[in-house]
Structures are given as structure tokens and as C-alpha cells.
Amino acid sequence: MAPRLKQLGNGLMTCIAVAWFGNQALYGEGGLRIASIALLIVGAVTAVGAILDRVLPRPKRRRAHDKRDAV
């Protein structure tokens, strides 16, 4: 499968899952409602982490002065 098509499929499935979990969180009953809320929270934290990984640059590794001067 082409990478773009696979990415589109993954995004579509994620959207459907979030919509279903949201529906169950609002209108579900009992354990399913609690599980849906928990999975929505996990999904939100994962999404924020992925966004921050793309937006914030990673610090470059720095060598210690002692190791550089010792050579």
C-alpha cells in the first residue's frame, strides 16, 4: 500500500475511533463509559506528545570540555 494511502487510512480510522469513544463517553453506560473516557484521555496525551515532538526542536548533544581537551 502506498505510504500516503496508508497514512490517510490510519487518520480515518483514528477519527472514527475518537468519534466512537466520544459517543460512548457521553451516552454509554457503566464500564464502557469509564473505559471510553480513559481511552480518550490517553489519546489526547499521545496526540499532544506527538505534536510537541514535531514542534519543539531536540537539543543537540554537547561534549564535555574535559573529554575534548584531554585528546
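The values are calculated or read from the model by the stated rules, or taken from the named source; none is laboratory data. No experiment lies behind these values; they were computed from the predicted model shown. These accessible areas exclude ligands, DNA and RNA; they are computed on the full protein's heavy atoms, side chains included. Shrake-Rupley method; radii C 1.70, N 1.55, O 1.52, S 1.80 Å.
The table for this structure:
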{"quantity": "Residue in the range 1-41 that is modelled with the lowest pLDDT, counting only those that are assigned to a loop (DSSP other than H, G, I, E, B) and open to solvent by 100 Å² or more (accessible area, probe 1.4 Å)", "calculated": "Met1"}
{"quantity": "All positions within the range 48-71 that are at pLDDT 85 or above and either open to solvent by less than 50 Å² (accessible area, probe 1.4 Å) or not in a helix (DSSP H, G or I) (or both)", "calculated": "Gly49, Leu56"}
